[in-house]
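Engineer: If you scroll down you'll find the structure; I have some questions about it.
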Amino acid sequence: MTSEVVAAAPVPVPGRAQRVRELALARQDLRGPLIPILHAVQEELGYVAPADVAVLADVLNLSVAEVHGVVTFYKDFRRTPAGRTTVTICQAEACRSVGAVALAAHAQATTGCGFGETTADNRLTLEQTYCFGNCALGPAVQVGDKLHGRVTPTRLDALLGDAR
Amino acid sequence: MTHDAEPADPSSTPAPGTRPADPSSTPAPGTRPADPSSTPAPGTRPAGRVFVSCDSAARSVGADEVAERIAAQAAEVEIVRTGSRGMLWLEPMVEVETPEGRVGYGPVAPEDVDGLIAAGMLTGSPSIAGCLGLVDELPWMAKQQRVTFARVGVVDPISTTDYVAHGGMKGLRAALELPPAEVVEAVVESGLRGRGGAGFPTGIKWRTVLGAEADLKFVCCNADEGDSGTFADRMLIEGDPFTLIEGMTIAAYAVGAAEGYVYLRSEYPDAVATLTTAIERARAEGWLGPDILGSGFGFDLQVRVGAGAYICGEETSMLESLEGKRGMVRSKPPIPALQGLFGRPTVVNNVLSLATIPAILADGAVKYAAYGTGRSLGTSVFQLGGNVARGGIVETAFGITLGELVNDFGGGTASGRPVRAVQVGGPLGAYLPVEQFGLPMDYEAFAAAGAMVGHGGIVVFDDTVDMAAMARFAFEFCAAESCGKCTPCRVGAVRGVETIDRIMTDTAGSDRARNLVLLDDLCELMTDGSLCAMGGLTPMPVRSAVRHFGEDFHA
Ligand SMILES: Cc1cc2nc3c(=O)[nH]c(=O)nc-3n(C[C@H](O)[C@H](O)[C@H](O)COP(=O)(O)O)c2cc1C
Ligand code: SF4
Ligand code: FES
């Protein structure tokens, strides 16, 4: 769930494949290396592209289908670039008890995005999650890397305004 | 110290009209935590150490900004970033060291800092608004029995010196004096049951792993903590990570494991950073590595970050994920204790189970087992979240009632409206009405009431909650998070959402009774037919909502 991504100017594909291979080779001796590698690819390159899957399968001697299956199973792994800032709103029970559903509706109305979508100007991606472990200070919202507690609609507007 | 100590932030105190808070759990007039004569007057002493939490909950409401402001205004003070004491409604909280102990102020907004310093906060002055008195003597704190959380909020989480000064490493040193089998028996004797949810006796699990023959064994810490309303694993890792490292090392010694993994969810980046640093420092101290404390015993540890899948908290699914696969549940047997990670015998325990082990070895199994009730021995770390006035963590012996936790410690709702329901034990736990507040926190008592203690999370809802919507959400959550391996869960959850929608939109009421029967059938099928507790327990919140709040299921 990296938020400040570098995807605005994608790395040229051959260069990208090269880098993906390096990231994978650097971790291939871990026990069960695939998920740490996927995190590394996403952290540096912003998302896991379909073309990356073939590279990873080759390095790890897995089938493309196996790697694809893993990438698509986990919600953290994006298959396309995110906007410049990701805003993630908790929608689990504790946050619901203090207005997280209304807060999400407010965010969707303000940004024009549903969950999982990015604004047309590529500025914001809106996501939902189930629990940041901030359940005593909900509603919880993460903007970029920063977690915020007790977020009201007014506070959210300010946070969205700050996100550039 | 007067009771102008009342927190200033309106959202953090029960609004007017709430039932008066239990005087025993909050610093109310007349029960002032510290005698004014025993605390120094302002300006009597130069400023020394000041403590501000770096827990992610505290940071989410401005703890970093508060610490920065203090540093800018008072360069002479040493600011120690600790974990949180667990009084989350008072965060950001500032504690000042005085000869009598630490005096607290909270909640402190960044813009309050200058005024508080001018008024004498850095000398521990009691006479200013927001002063809480001696933190250890606050009734809310003094009534707890902190074993697992003893150091959390007190120490600098990544200081090995602080750790040792506060009793760290005693448990491991004691364990290394014993043969492994005796360490296992001490854990059996302590009565410790897994804190991750199922409550299986930890010592018995370890006995199985110890008895298994293999070239390699593993210890895996389950730090996936996906349940809404639970955050104790996160707070422990952010506040006292060496306790977990020490506990895992003792487990490894006891069962003969050489490698350990902590599976930590990606939603907790601060915990990942703190634990990673703590592991490096532990290695540098010789607390991990080939020759731990010069004993010749070797064990090492890695953090693995999850990737946003609730089901990876289920132990076999977690093992699949650690192996680099989709987090699909394995059918048992074989149990992980015999064939776990990469097919090797593996201890899988929750963070709190493992973090409690050092205290058991250091202070004795008998002492730990003396806490608690019935077959629920020891202490448990309860987490109060949701619409609650005083949210945070409370560690007490099992046996405390739900009502004591929600009303006395929690102070009722944050909104000031009446409590209507609480969900205990995460998204798969039951919704309980206020009439059940006499229930003791005890695995068996909860099971008998059709509920579960789970990981000890308690989420409070006021009277504006729509329980049919919450039941619908339980299915929605299951549909979103199901691993997809078995049909009752994968398809049943989707059918559940549809069925509740039909009930809710049936304004004429013509088919409501039939749909409620269908809902009950579906719940029974999921309970009986699911491979794991994800599908098997989703009916628990749904059925408890229908049973206790049936009026909400009439469109
Ligand atoms: C759907 C599901 C989710 C679970 N999530 C967690 C979790 O987040 N953390 C945890 O420790 N145990 C979780 N468990 C329980 C684990 O399967 C396992 O019982 C536990 O980690 C064992 O450790 P313990 O004996 O110390 O409790 C979950 C179980 C199920 C069925
Ligand atoms: S009950 Fe659900 S989560 Fe569990 S194995 Fe079946 S499909 Fe997977
Ligand atoms: S439920 Fe929202 S942070 Fe836990």
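Engineer: Got a sec? Which helices (runs of 4 or more DSSP H) wholly within region B:505-555 have at least 1 residues that are outside the structural domain of B:VAL453 (by TED's automatic domain parsing), within 16 Å of ligand 3 (Cβ to nearest atom) and crowded, with 17+ Cβ neighbours inside 10 Å?
Structural biologist: The qualifying helices (runs of 4 or more DSSP H) are B:539-548.
Engineer: Just wondering, is there one or more residues in region B:345-365 that are at pLDDT 95 or above, within 14 Å of chain A (Cβ to nearest Cβ) and within 18 Å of the chain's Cα centre (by Cα)?
Structural biologist: Within region B:345-365, one or more residues are at pLDDT 95 or above, within 14 Å of chain A (Cβ to nearest Cβ) and within 18 Å of the chain's Cα centre (by Cα).
Engineer: Against the condition in contact with a Phe, Trp or Tyr (Cβ under 8 Å, 6 or more places away or on another chain) and touching a residue at least 24 places away in the same chain (Cβ under 8 Å), how does B:LEU134 come out, does it pass?
Structural biologist: Spelling it out, it is not the case that B:LEU134 is in contact with a Phe, Trp or Tyr (Cβ under 8 Å, 6 or more places away or on another chain) and touching a residue at least 24 places away in the same chain (Cβ under 8 Å).
Engineer: Given the conditions (1) open to solvent by less than 10 Å² (accessible area, probe 1.4 Å); (2) touching a helix residue (DSSP H, G or I) at 6+ places or on another chain (Cβ under 7 Å); (3) more than 14 Å from chain A (Cβ to nearest Cβ); (4) within 16 Å of ligand 1 (Cβ to nearest atom), which single one is not true for B:ALA252?
Structural biologist: (2)
Rundown of residues vs (1) out of contact with any Phe, Trp or Tyr (no Cβ under 7 Å at 6 or more places or on another chain); (2) within 13 Å of another protein chain (Cβ to nearest Cβ); (3) among the acidic types (Asp, Glu), yes/no style:
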| position | (1), (2), (3) |
| --- | --- |
| A:VAL87 | yes, no, no |
| A:GLY99 | yes, yes, no |
| A:ASP121 | yes, no, yes |
| A:ALA140 | no, yes, no |
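Engineer: A further question follows. Can you pull out the residues in region B:368-398 that are more than 24 Å from B:MET87 (Cβ to Cβ), of a type in the set (A, V, I, L, M) and outside any strand (DSSP E or B)?
Structural biologist: The answer is B:ALA369, B:ALA370.
Engineer: Which condition from (1) closer than 30 Å to B:VAL460 by Cβ; (2) outside any loop (DSSP other than H, G, I, E, B); (3) among the aliphatic types (A, V, I, L, M) is the one that A:VAL98 breaks?
Structural biologist: Here A:VAL98 meets the rest and fails (2).
Engineer: Kindly list the number of the only condition in (1) part of a loop (DSSP other than H, G, I, E, B); (2) open to solvent by 60 Å² or more (accessible area, probe 1.4 Å); (3) more than 16 Å from ligand 1 (Cβ to nearest atom); (4) closer than 21 Å to B:CYS483 by Cα that fails for A:PHE77.
Structural biologist: (2)
Engineer: Kindly evaluate B:LYS332 against the criterion of being among the basic types (Lys, Arg), farther than 21 Å from B:PRO241 by Cα and within 11 Å of ligand 1 (Cβ to nearest atom).
Structural biologist: yes
Engineer: What's the number of the condition A:CYS135 fails, among (1) at the interface with another protein chain (Cβ under 10 Å from one of its Cβ atoms); (2) open to solvent by 10 Å² or more (accessible area, probe 1.4 Å)?
Structural biologist: Unmet condition: (2).
Engineer: Looking at B:LEU216, B:LEU236, can you tell me which residue is within 14 Å of chain A (Cβ to nearest Cβ) and closer than 15 Å to B:ALA359 by Cα?
Structural biologist: B:LEU236
Engineer: Being crowded, with 24+ Cβ neighbours inside 10 Å and under 24 Å from B:GLY324 (Cβ atoms) is the filter here; which residues of region B:343-368 pass it?
Structural biologist: If the condition is that a residue be crowded, with 24+ Cβ neighbours inside 10 Å and under 24 Å from B:GLY324 (Cβ atoms), then B:PRO345, B:THR346, B:VAL347, B:VAL348, B:ASN349, B:ASN350, B:VAL351, B:LEU354 are the ones that fit.
Engineer: What do you reckon, is B:ASP506 in contact (Cβ under 8 Å) with a residue 12 or more places away in the chain and either out of contact with any helix residue (DSSP H, G or I) (no Cβ under 9 Å at 6 or more places or on another chain) or within 16 Å of ligand 2 (Cβ to nearest atom) (or both)?
Structural biologist: Against the criterion (in contact (Cβ under 8 Å) with a residue 12 or more places away in the chain and either out of contact with any helix residue (DSSP H, G or I) (no Cβ under 9 Å at 6 or more places or on another chain) or within 16 Å of ligand 2 (Cβ to nearest atom) (or both)), B:ASP506 does not qualify.
Engineer: Among the residues of region A:34-56, write down those that are in a loop (DSSP other than H, G, I, E, B) and without any contact (Cβ under 8 Å) to a residue 40 or more places away in the chain.
Structural biologist: A:VAL48, A:ALA49
Engineer: I need a count of the residues in region A:116-126 that are surrounded by fewer than 21 Cβ atoms within 10 Å (Cβ to Cβ) and not in a loop (DSSP other than H, G, I, E, B).
Structural biologist: Adding up the residues that qualify gives 2.
Engineer: If you don't mind, another one. Say we look at region B:199-240 and pick out the residues that are β-branched (Val, Ile, Thr) and under 19 Å from the mean Cα position of the chain (by Cα); which of these is farthest from ligand 1 (Cβ to nearest atom)?
Structural biologist: For region B:199-240, the residue satisfying everything is B:ILE237.
Engineer: Considering only residues of region B:45-64 that are buried (at least 16 other Cβ atoms within 10 Å of the Cβ) and away from every other protein chain (no Cβ under 11 Å), which is nearest to B:PRO269 (Cα to Cα)?
Structural biologist: So the residue we want is B:CYS54.
Engineer: Taking the condition more than 21 Å from A:LEU160 (Cα to Cα) and part of a helix (DSSP H, G or I), does A:VAL59 pass?
Structural biologist: yes
Engineer: Residues A:VAL151, A:VAL87, A:VAL67: which one is in a strand (DSSP E or B) and in contact with a Leu (Cβ under 9 Å, 6 or more places away or on another chain)?
Structural biologist: After ruling out the rest, the residue left standing is A:VAL87.
Engineer: Any chance you could count how many residues in region A:87-134 are more than 16 Å from ligand 3 (Cβ to nearest atom) and polar (S, T, N, Q)?
Structural biologist: 7
Engineer: Suppose we filter region B:471-504 for residues that are within 16 Å of ligand 3 (Cβ to nearest atom), touching a Pro at 6+ places or on another chain (Cβ under 7 Å) and aliphatic (A, V, I, L, M); how many remain?
Structural biologist: 1
Engineer: Answer with yes or no whether A:ALA54 is open to solvent by 20 Å² or more (accessible area, probe 1.4 Å) and either over 12 Å from the mean Cα position of the chain (by Cα) or on the phi > 0 side of the Ramachandran plot (or both).
Structural biologist: Spelling it out, A:ALA54 is indeed open to solvent by 20 Å² or more (accessible area, probe 1.4 Å) and either over 12 Å from the mean Cα position of the chain (by Cα) or on the phi > 0 side of the Ramachandran plot (or both).
Engineer: Any residue that is among the acidic types (Asp, Glu) and either closer than 15 Å to B:GLN423 by Cβ or within 16 Å of ligand 2 (Cβ to nearest atom) (or both) - is there at least one of those in region B:468-491?
Structural biologist: Yes: region B:468-491 contains one or more residues that are among the acidic types (Asp, Glu) and either closer than 15 Å to B:GLN423 by Cβ or within 16 Å of ligand 2 (Cβ to nearest atom) (or both).
The values are calculated or read from the model by the stated rules, or taken from the named source; none is laboratory data. For clarity, every value in this text was computed on a predicted model and none was experimentally measured. Heads up, the Cβs are rebuilt from the backbone with ideal geometry, glycines too, and the neighbour counts pull from every protein chain shown. Areas reflect the complete protein model, heavy atoms only, side chains present, ligands, DNA and RNA absent. Shrake-Rupley method; radii C 1.70, N 1.55, O 1.52, S 1.80 Å.
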